[in-house]
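Engineer: Before anything else, here's the structure in question.
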Amino acid sequence: MEFLDVFMPVVWFVILALFLLLYVILDGFDLGVGILSLTSPSEKQRTLLMASLGSIWDANETWLVLMGGALFGAFPLAYGTILKALYGPIYLMILGLILRAVAFEFRENAINKRPWNLTFGIGSLLAAASQGICLGTVLSGLPTDADGHFIGSPWIWVNGSSLVVALTLIQGYVLIGSTYLILKTSGELQQLHVRTARLAAATTLGGALLITVTSPFVSETLRSRLFDPAFLPFFVLLPLLGITLIVQLFRSLALGQEVWPFVYTVLLFVLSFAGLGVMVFPAIIPPSVTIFEASSSVTSMVFMLTFIGVLIPIMLFYNIYNYIAFSGKVDAELDQA
């Protein structure tokens, strides 16, 4: 049992990280397209943007629901503590997702589409910003008592470092949304999003550099981890890989490639998550509560793993099949209709 006491929390930490990564990538380009819809120059182009999401946007959000349920079951202490600390931005995120869903459905049948266009874009922006604030606040550290319960201010998420993370995440979503639209559109609309991808790549890189430089001053845990010799190879290798991917991303945009910009952007998200994982592990509530302290019983985690182990392949298969079935350019699909 001692082995399982260590092994099962690590397994569930990895599963939760996988759920979060899948959500950020899949719903990330979804939210990015929604944000970009606010700047679309015409209703026709905005319709193409919405059509690119028509068959996939609701399935993308499933990973967020699954992650919340898994966090509650595997790490109930973390679920309660993080939720209590982040009631404000979590409610704003839910509001943004509701606005998106309502606007998407009503816009299709509305005569005057402008209010629903605005609602969809604002909902996307609100959800993205709230997620960034949540991430920034958790990474900065949550004050807890000896039992791991939150003892800070309900406004702990209102701070400069969370704002920087939120703005960077918004730009990251715009980047992956732009590269997705390069894949799904053609002609003038595609060229427009080549330009937005370049701009978003530059601003995301700037935000990531700012977060990296300021993190040691914001969190003692991150500061000690960054300057720990044992982790030095990770913090040398990860930036080198990041620079390589950024260079390849700009190169693929300059060459007019369609698939590779999206691939390089996804790899950048994966690399960023790997860096975050190295910086916080084994904490589940930075800076002091670890996955071993916050986990539920081994029996509960094994029981959950039995069902989750079956569910994950099914969901992955559904997502992959969905993208294959609805692949292709959205403008060509509309012309045929």
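The values are calculated or read from the model by the stated rules, or taken from the named source; none is laboratory data. Everything quoted here is computed from the prediction, not taken from an experiment. Cβ sites come from the backbone with ideal geometry, for glycine too, and all protein chains shown count toward neighbours. Ligands, DNA and RNA are excluded from the accessible area calculation, which covers all protein heavy atoms including side chains. Shrake-Rupley method; radii C 1.70, N 1.55, O 1.52, S 1.80 Å.
Engineer: Looking at segment 33-40, can you tell me whether even one residue there is of a type outside the set (Gly, Ala, Ser) and surrounded by fewer than 21 Cβ atoms within 10 Å (Cβ to Cβ)?
Structural biologist: Yes, because at least one residue in segment 33-40 is of a type outside the set (Gly, Ala, Ser) and surrounded by fewer than 21 Cβ atoms within 10 Å (Cβ to Cβ).
Engineer: Another one. Give all pairs with beta carbons closer than 6 Å in which a residue from segment 123-138 that is in contact (Cβ under 8 Å) with a residue 24 or more places away in the chain and more than 15 Å from THR168 (Cβ to Cβ) meets a residue that is of a type in the set (Lys, Arg) and in a helix (DSSP H, G or I); count only pairs at least 6 apart in sequence or on separate chains.
Structural biologist: Here the result reads GLY123/ARG100; SER124/ARG100, each pair linking segment 123-138 to a residue that is of a type in the set (Lys, Arg) and in a helix (DSSP H, G or I).
Engineer: Okay, moving on. Condition check: at pLDDT 95 or above and more than 22 Å from VAL14 (Cβ to Cβ). Does ILE170 satisfy that?
Structural biologist: yes
Engineer: Within segment 83-100, which residues are hydrophobic (A, V, I, L, M, F, W, C) and either open to solvent by 30 Å² or more (accessible area, probe 1.4 Å) or over 20 Å from LEU16 (Cα atoms) (or both)?
Structural biologist: Matches in segment 83-100: LEU83, ILE90, LEU92, ILE94, LEU95, LEU97, ILE98, LEU99.
Engineer: Which residue pairs have Cβ atoms closer than 8 Å, lie 6 or more positions apart in sequence or on different chains, and pair a first residue in segment 5-19 that is acidic (Asp, Glu) with a second residue that is open to solvent by 30 Å² or more (accessible area, probe 1.4 Å) and modelled with pLDDT of 90 or more?
Structural biologist: Close Cβ pairs satisfying both conditions: ASP5/PHE292.
Engineer: Let me ask you something else. Inside segment 240-337, counting only helices (runs of 4 or more DSSP H) that do not spill past its ends, which hold 1 or more residues that are surrounded by fewer than 18 Cβ atoms within 10 Å (Cβ to Cβ), hydrophobic (A, V, I, L, M, F, W, C) and under 18 Å from the mean Cα position of the chain (by Cα)?
Structural biologist: By residue number, 259-280, 298-325.
Engineer: Name the residues in segment 46-63 that are closer than 30 Å to ARG195 by Cβ and surrounded by fewer than 20 Cβ atoms within 10 Å (Cβ to Cβ), would you?
Structural biologist: Those that are closer than 30 Å to ARG195 by Cβ and surrounded by fewer than 20 Cβ atoms within 10 Å (Cβ to Cβ): THR47, ALA51, GLY54, SER55, ILE56, ASP58, ALA59, GLU61.
Engineer: Name the residue that is surrounded by the fewest Cβ atoms within 10 Å (Cβ to Cβ), counting only residues in segment 101-155 that are among the small types (Gly, Ala, Ser) and farther than 30 Å from ALA78 by Cβ.
Structural biologist: Among those residues, the one meeting the criterion is ALA110.
Engineer: Can you work out which of the residues in segment 173-189 that are modelled with pLDDT under 90 and either small (Gly, Ala, Ser) or in a loop (DSSP other than H, G, I, E, B) (or both) is farthest from PRO286 (Cα to Cα)?
Structural biologist: Step by step, filter segment 173-189, then rank; the result is GLY187.
Engineer: Hey, any hits in segment 194-217 for a residue that's not in a helix (DSSP H, G or I) and not small (Gly, Ala, Ser)?
Structural biologist: no
Engineer: With touching a helix residue (DSSP H, G or I) at 6+ places or on another chain (Cβ under 7 Å), under 28 Å from ASN322 (Cα atoms) and assigned to a helix (DSSP H, G or I) as the only criterion, which of ALA59, ALA78, ALA101 stands out?
Structural biologist: Testing whether each residue is touching a helix residue (DSSP H, G or I) at 6+ places or on another chain (Cβ under 7 Å), under 28 Å from ASN322 (Cα atoms) and assigned to a helix (DSSP H, G or I) leaves just ALA59.
Engineer: If only one of MET93, MET50 is under 22 Å from the mean Cα position of the chain (by Cα) and more than 30 Å from VAL289 (Cα to Cα), which one is it?
Structural biologist: Result of the check over MET93, MET50: MET50.
Engineer: From LEU66, LEU142, which residue is touching a strand residue (DSSP E or B) at 6+ places or on another chain (Cβ under 9 Å), in contact (Cβ under 8 Å) with a residue 60 or more places away in the chain and either in a helix (DSSP H, G or I) or not polar (S, T, N, Q) (or both)?
Structural biologist: Answer to the selection: LEU142.
Engineer: Within 25 Å of LEU253 (Cβ to Cβ) and open to solvent by 10 Å² or more (accessible area, probe 1.4 Å), is that true of GLY206?
Structural biologist: Answer is yes for this residue.
Engineer: Could I ask something else about it? Go through (1) open to solvent by less than 40 Å² (accessible area, probe 1.4 Å); (2) within 20 Å of the chain's Cα centre (by Cα) and name the single condition ARG198 misses.
Structural biologist: Status for ARG198: all satisfied but (1).
Engineer: Among the listed residues THR39, THR47, THR62, THR81, which satisfies the condition of being in contact with a His (Cβ under 7 Å, 6 or more places away or on another chain) and not charged (D, E, K, R)?
Structural biologist: Among THR39, THR47, THR62, THR81, only THR81 is in contact with a His (Cβ under 7 Å, 6 or more places away or on another chain) and not charged (D, E, K, R).
Engineer: Let me ask something else. Based on this model, can you work out whether TYR173 counts as closer than 29 Å to TYR91 by Cα, touching a Leu at 6+ places or on another chain (Cβ under 8 Å) and not acidic (Asp, Glu)?
Structural biologist: yes
Engineer: Ok, one more. Testing LEU163 on (1) at pLDDT 90 or above; (2) surrounded by 15 or more Cβ atoms within 10 Å (Cβ to Cβ); (3) under 24 Å from LEU48 (Cα atoms), one condition comes back false. Which one is that?
Structural biologist: (3)
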